[in-house]
1. As I understand it, the value is the acute angle between the Cα axis of helix 400-415 and the longest principal axis of the Cα atoms of the chain; what does it come to in degrees, rounded to 10?
2. Report the Rg/Rh value for segment 186-258, based on alpha-carbon coordinates and the Kirkwood definition of Rh.
3. On a straight-distance basis, which lysines could pair with K316 in a cross-link, Cα separation under 16 angstrom, same-chain partners fewer than 8 positions away excluded?
4. In degrees, nearest 10, range 0 to 90: what is the angle between the Cα axis of helix 227-238 and the longest Cα principal axis of the chain?
5. If you average the alpha carbon positions of segment 14-66 and of segment 360-396, how far apart do those two centres end up, in angstrom?
6. What are the extents of the Cα atoms of segment 52-117 along their three principal axes, listed from largest to smallest and rounded to whole Å?
7. Quick one: Karplus J couplings for segment 365-377, per residue in order, coefficients 6.51, -1.76, 1.60, θ = phi - 60°, nearest Hz, x for Gly and Pro?
8. In angstroms, what radius of gyration and Dmax does segment 290-417 have, counting Cα atoms only?
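Values in this text are rule-based calculations from the coordinates and carry no lab data. This structure is a prediction, so every number in the text was calculated from the model and none was measured. Using ideal geometry, Cβ is built from the backbone for each residue, glycine included, and neighbour counts are taken over all protein chains shown.
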Amino acid sequence: MAFGEHTSKSIIGTKSRELIGKRIVLCVTGSVAAIRSPDIARELMRLGADVYVVMSKMAEHVVHPDTLHWSTGNPVVTELTGDIEHVQYGGEHREHADLILVAPSTANTIGKVAAGIDDTPVTTLLTTARGAGIPVIIAPAMHASMYKHPIVNENIKKLQGIGIEVLIPRFEEGKAKIPGTEEIVAAVVKKLTKPQDLKGKRILITAGPTRAYIDAFRYITNPSSGKMGNAIAEDALERGADVTIVYGPATASPPPNVKIIKIETTEEMLNAVVAELKGKKYDAAILSAAASDWGPADRKMEKTPSNQGEWTLKLKALPKIIAEVKKADPKVFLVGFKAEYNITEEELIDRSYKRLKEMKMNLIVANDVSKENRGFNVDTNEVYIIDPKRKVLHVTLTSKKEIAGKLLDTVRDQIKA
């Protein structure tokens, strides 16, 4: 320990060096769970991190800034000054923090961040840091009834939609308690030590639904939310890839720091994918979008009267985007997705393998969307990843982020082989 250095820093790296050289900003808000914040800071330090604290005014009613100063060995930010602390820690420059951890986070802070409100040092830092693409993890703590409020849930989904990781609280004694210190620290370690095994690789992703218009403004579509494609894009970014996402009109938002090409129709998605593949070199194309297969044979640019009694539609097959990928770039590593409904596992694998061979895919991801918590518009799925040798990786029910990681592990191994 250097002369004059705060004695609390002597614990840095005493357990491991996996976070050595990492600067973590611990944001503390006004939950009684703030009494846990010093322990969280100390545990991160034992793994090698240098921890800095930013507090809201209400957090000072629970834990004194001096306690957190002692815990970390660094001065604590309780208000923003002419030193523009939010930019020092979260701005677009080389010396910014490696990660922002909010532990605990109140429902109030979650709501403010979701709405872009900056009226505390914590919320101003979070807006600045997310705009700069710095990873953010939030550990909520509140009464269970607050956590279950529809608006709180909506706000959490908004945060997840912009790439903020929100940990699941522990439900005990009528409260949504802050996750355990071990779980919080593990999430930080996982986020900061992800290998840069896709650095220098360029990946094209399609995500969300498409629309097939049947008159001037009515259309056929499906319930795809874009969450699977977003999870793949986020994981690829964390691994160092350069990511482009061709994005249909989905409910979720793509992560920041990706190139986004917004489209509406299957034809527009096809044109965008082909243009990208012909315009630059991509290492992989991952087509997770649920593009509409059928559209009207004849679209009239008018509003069809609602009082005509009945409306008979004649549909035609729309172009298969995946069929054009290898024509645009025969060397690109192609991953397709196939959703089926209420069929056996064997039949799902058989149909998907047949499609893989027909379309000259390198991998296909298959799932049955008839099962609960699988497929469209949910955060979880169960999939089968199948290769040209009919080798099957079965990923049981888990988060789409976890599935994205396992899929990209397979892609990485193939494109680096």
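1. For 400-415 against the chain, the angle is about 70 degrees.
2. On the way: Rg = 15.4 Å, Rh = 13.7 Å.
With Rh from the inverse mean 1/r over Cα pairs, Rg/Rh is 1.13.
3. By straight Cα distance, K316 reaches K300.
4. 50 degrees
5. 39 Å
6. 33, 32, 22
7. Working through the residues one at a time gives 10, 10, 8, 9, 7, 7, 8, 5, 6, 10, x, 5, 6 Hz.
8. Cα radius of gyration and Dmax of segment 290-417 are 18.1, 61 Å respectively.
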